[in-house]
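Here is the structure we will look at.
The values are calculated or read from the model by the stated rules, or taken from the named source; none is laboratory data. Small disclaimer: the values here were computed from a predicted structure and weren't measured. Methodologically, a virtual Cβ is constructed for each residue, glycine included, from the backbone with ideal geometry; neighbour enumeration extends over all protein chains shown.
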Amino acid sequence: VKRITIHGFKSFASKTDIIFNDKFNCILGPNGSGKSNIGDALCFVLGRLSAKSMRVEKASNLIFNGGKNKKPATHAMVEIVFTNEDHIFPIQAQEVAISRTITESGSIYRINDKKMTRTEVIDLLSMSRINPEGYNIILQGDITKFVEMSGVERRKIIEEISDVSLYEEKKHKA
Ligand code: ATP
Ligand code: MG
């Protein structure tokens with residue numbers, strides 16, 4: 001990831017660029033300053049569907065609500081830019097920018113500024129083994145959940161991470 005741009009999403013009223021370097025990146029800030037909102041923005045742009053997992057009741061609550069004394073936004077936009085110098089994504093360009101815009105009426109996805117369906121975005125991301133519901137993203141509370149869940153539930157997660165469940169699904173379909 002080279003950059004994430006957030007505009008009108010949750011507490012990010014004005015357009016904000018977050019630049020990543022290629023090593024370890026860490027986001028720091030006081031309580032309530034928007035750190036977790038950046039994590040939510042990441043899940044959002046990768047195509048996550050569950051509003052609750054992004055800590056809102058419904059998707060439209062992801063749009064900046066005006067806070068104390070500003071005008072609410074009409075839409076929210078998050079863009080993530082990946083380097084494609086090694087051509088992991090089968091696209092000519094040196095960079096792949098994926099964006100998702102949400103309005104009251106739904107989501108619009110773009111790949112390098114061209115409108116695409118969510119499925120097309122998910123398929124492209126899967127080439128880099130990125131999955132918006134995947135366990136490469138560990139959210140606050142997840143560890144407690146893993147510790148407290150039943151053995152059967154935990155096994156399901158291990159099967160998912162190890163790609164076993166993928167074959168179970170294919171077997172089922174066949
Ligand atoms: P902590 O250290 O407590 O975990 P944090 O830095 O992770 O804090 P966040 O949870 O990212 O903080 O941000 C919380 C703030 O985001 C709250 O002030 C909340 O009002 C604001 N917020 C959430 N959704 C919206 C929205 N739709 N519009 C405006 N502000 C929002
Ligand atoms: Mg937080």
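When the residues of the stretch 24-43 are filtered to those that are closer than 19 Å to Ile130 by Cα and surrounded by 11 or more Cβ atoms within 10 Å (Cβ to Cβ), the one that is nearest to ligand 2 (Cβ to nearest atom) is Gly39.
Scanning the stretch 120-151 for residues that are over 16 Å from the mean Cα position of the chain (by Cα), within 16 Å of ligand 2 (Cβ to nearest atom) and part of a loop (DSSP other than H, G, I, E, B) returns a single hit, Gly141. Take the residues of the stretch 97-137 that are hydrophobic (A, V, I, L, M, F, W, C) and under 20 Å from Leu166 (Cα atoms): which is surrounded by the most Cβ atoms within 10 Å (Cβ to Cβ)? Restricting to residues being hydrophobic (A, V, I, L, M, F, W, C) and under 20 Å from Leu166 (Cα atoms), the top hit is Leu125. Among the residues of the stretch 6-29, is there at least one that is more than 19 Å from Gln140 (Cβ to Cβ), among the β-branched types (Val, Ile, Thr) and modelled with pLDDT under 95? The answer is no, given that none of the residues of the stretch 6-29 is more than 19 Å from Gln140 (Cβ to Cβ), among the β-branched types (Val, Ile, Thr) and modelled with pLDDT under 95. Of everything in the stretch 55-96 that is of a type in the set (D, E, K, R) and surrounded by 11 or more Cβ atoms within 10 Å (Cβ to Cβ), the residue that is farthest from Ala13 (Cα to Cα) is Glu95. Listed here are the strands (runs of 3 or more DSSP E) enclosed by the stretch 1-119 that have at least 1 residues being within 16 Å of ligand 1 (Cβ to nearest atom): 3-7, 16-19, 76-83, 95-103, 106-111. One residue stands out in the stretch 1-23 among those that are within 13 Å of the chain's Cα centre (by Cα) and aliphatic (A, V, I, L, M): the one that is farthest from ligand 2 (Cβ to nearest atom), namely Val1.
Only residues that are under 21 Å from the mean Cα position of the chain (by Cα) and either touching a residue at least 12 places away in the same chain (Cβ under 8 Å) or surrounded by 14 or more Cβ atoms within 10 Å (Cβ to Cβ) (or both) were counted across the stretch 152-167, and they come to 3. Of the residues making up the stretch 51-67, those that are within 18 Å of the chain's Cα centre (by Cα), more than 16 Å from ligand 2 (Cβ to nearest atom) and touching a residue at least 40 places away in the same chain (Cβ under 8 Å) number 4. Filtering the stretch 33-48 to residues that are without any contact (Cβ under 8 Å) to a residue 60 or more places away in the chain and of a type outside the set (D, E, K, R) leaves Ser33, Gly34, Asn37, Ile38, Ala41, Phe44, Val45.
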